[in-house]
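Report on one structure; see the data block that follows.
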Amino acid sequence: MVVKKEVLIINENHSVTALLKSYLVSKKCNVTISHTNTEFLLAINSNRYSSIITDILLVGTSGLELINTIKNNSTKSKVFVLSHMDQQVQKEMISELGAISFLTFPIDLGYLNSVIE
C-alpha cells in the first residue's frame, strides 16, 4: 500500500492553487488548499503535512511569518516558498528560517515532484 504525501498549498491565487493541486494529485498526493492566513492556521493545527508550499506575499501576513509559525508548531514539514520574484535576499532569508527551496514562476514541476518525494 502506497502512503500518500500530505501537501498544504498556501496561495491567494486560485488559478495557481488549482494548477498545483491538479499536478500533485496526479502524483498521488493528498492536497489541502489555504487561500488565507485563517485557513492556513486551521489547516496547520488540524493535520500534519510532509510538504508545505507557500507564497511569499500574502494579504495580512507573509510567507516568512508562515514559516515561523510552521517552525514554532514543531512540524517536520518541508517548506517551499513560491514567488514571482527571484531575489537573492529573499532566498537567504527563507533558507535561514528553514525553508527547503525557493520556487519561482514558471514552476519546474519535475523539480517540485523530486523534492516533495
(request) Scan around L97 for amide H atoms under 5 Å from its own, H built in the peptide plane at 1.01 Å from N, and keep only partners 5 or more places away or cross-chain. (result) none
(request) Neighbouring Cβ atoms within 10 Å as the yardstick, rank I52, I44 fewest first. (result) I44, I52
(message) Assuming 0.36 nm per residue, please report the length gained on full extension of the stretch N13 to E65 beyond their Cα-Cα distance.
(response) 16.9 nm
(message) Checking the table K5/K28; K28/K71; K4/K78; K4/K27; K28/K78 against a 19 Å threshold on Cα-Cα, which pairs fail?
(response) K28/K71
(request) Convert each backbone phi in region 18-25 into a coupling constant with the Karplus relation 6.51 cos²θ - 1.76 cosθ + 1.60 (shift: θ = phi - 60°), then list the ³J(HN,Hα) values in order as whole Hz, x for Gly and Pro. (result) 5, 5, 5, 4, 4, 5, 5, 5
(request) Could you give the size of the charge dipole of the chain about its Cα centre, using +1 on the Cβ of each K and R and -1 on the Cβ of each D and E, expressed in debye and rounded to the nearest 20? (result) 520 debye
(request) Report the label-to-label distance for L57 and L41 in nanometres (one decimal), using points 7 Å from each Cα along the Cα→Cβ vector. (result) 2.4 nm
(message) From Cα pairs below 8 angstrom and at least 6 apart in sequence, can you work out the relative contact order of the chain, rounded to a whole percent?
(response) 23 percent
(message) Straight-line reach only, C-alpha to C-alpha below 12 angstrom: list the aspartates and glutamates that K21 could link to, leaving out same-chain residues fewer than 8 apart.
(response) E6
(request) Using label points projected 7 Å from each Cα along Cα→Cβ, tell me how many nm separate E6 and D108, to one decimal. (result) 2.9 nm
(request) Match the structure shown to one of the listed values (i) 14.7, 44; (ii) 15.9, 57; (iii) 13.0, 42 of Rg and Dmax of the Cα atoms in Å, computed from it, and give that label. (result) (iii)
(message) Taking θ = phi - 60°, what integer Hz values does the Karplus form 6.51 cos²θ - 1.76 cosθ + 1.60 yield along region 43-58, in sequence order, with x for Gly and Pro?
(response) 5, 5, 8, 10, 8, 10, 10, 6, 9, 10, 10, 10, 6, 7, 10, 9
(request) Give the long-range amide H neighbours of L57: residues separated by 5 or more places, or on another chain, with amide H under 5 Å away, using H modelled in the peptide plane at 1.01 Å from N. (result) G63
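Every number here is computed from the coordinates shown, using simple stated rules; none is lab data. Remember, it's a predicted structure, so these values are computed and weren't measured experimentally. Every residue, glycine as well, gets a Cβ built from its backbone with ideal geometry; the counts of neighbours run over all protein chains shown.
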